[in-house]
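All remarks here apply to the structure that follows.
Throughout, read-outs are computed from the coordinates displayed, never taken from laboratory work. Bear in mind that the values here come from a model prediction, so they are computed numbers and not experimental data. Note: ideal-geometry Cβ built from the backbone for every residue, glycine included; neighbour counts use all protein chains shown.
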Amino acid sequence: MNLPGNHRGFTLTELMIVVALMAILAAIAVPNIIAQMPKYRLNGAARQVLGDLMAARMQAVSQNNEAKVFFLDNHRYMILDDDDNDGTADTGEATQTKDIQADYYDVTFSPIPGTNPVFQPRGTASNMTIILANSSGTKTITISIAGRVKIN
């Protein structure tokens with residue numbers, strides 16, 4: 001039954017008030033989210049490098065040969081499935097080159113110069129520390145002699 005004055009729905013004034021409130025909340029939230037983006041990129045890059053190092057270790061164990069990671073510069077690295085365990089990329093050996101700046105444009109890493117982790121067929125590795133950095137700070141990835149890779 002529809003009585004006069006008993007209407008359903010929202011008035012234009014009510015809708016405009018809701019839109020204005022949402023705009024105010026968005027104006028407050030967006031700068032905070034943008035300020036957090038470098039931190040999210042650093043965390044993402046650290047997880048990507050961690051995952052690739054763990055995959056190299058698993059590959060070394062499953063294929064019973066060494067897997068070596070070469071740090072080419074401050075944002076690229078190459079993973080070598082070293083079938084003949086000579087430490088160099090020979091014809092027929094699988095390599096993957098990764099660039100963390102493809103997804104995380106402001107992140108760089110600084111491994112100790114001249115050191116590249118080698119994962120042995122038993123899962124062990126050479127000790128190493130890799131520091132990833134951007135404007136939000138740093139993250140440290142460590143590889144223990146037992147082959148454990150973790151973010152500190």
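For the reader, a short list of remarks on this structure follows.
- Matching residues in region 96-126 - criterion: being out of contact with any strand residue (DSSP E or B) (no Cβ under 6 Å at 6 or more places or on another chain) and either aliphatic (A, V, I, L, M) or crowded, with 20+ Cβ neighbours inside 10 Å (or both): Ile100, Ala102, Tyr104, Ile112
- Residue match in region 127-140 (condition: surrounded by 17 or more Cβ atoms within 10 Å (Cβ to Cβ), among the charged types (D, E, K, R), without any contact (Cβ under 8 Å) to a residue 60 or more places away in the chain and not in a loop (DSSP other than H, G, I, E, B)): no
- Residue satisfying condition, being in contact (Cβ under 8 Å) with a residue 60 or more places away in the chain and either part of a loop (DSSP other than H, G, I, E, B) or more than 21 Å from the chain's Cα centre (by Cα) (or both), within set Asp81, Asp86, Asp106: Asp106
- Residues that are part of a strand (DSSP E or B) and out of contact with any Leu (no Cβ under 9 Å at 6 or more places or on another chain) within region 109-126 comprise Pro111, Val118, listed in sequence order.
- Sole exception among (1) of a type in the set (D, E, K, R); (2) in a loop (DSSP other than H, G, I, E, B); (3) crowded, with 16+ Cβ neighbours inside 10 Å for Glu93, by number: (3)
- Applying the criterion of being polar (S, T, N, Q) and closer than 22 Å to Ala146 by Cα to the residues of region 60-79, the residue that is surrounded by the most Cβ atoms within 10 Å (Cβ to Cβ) is Asn65.
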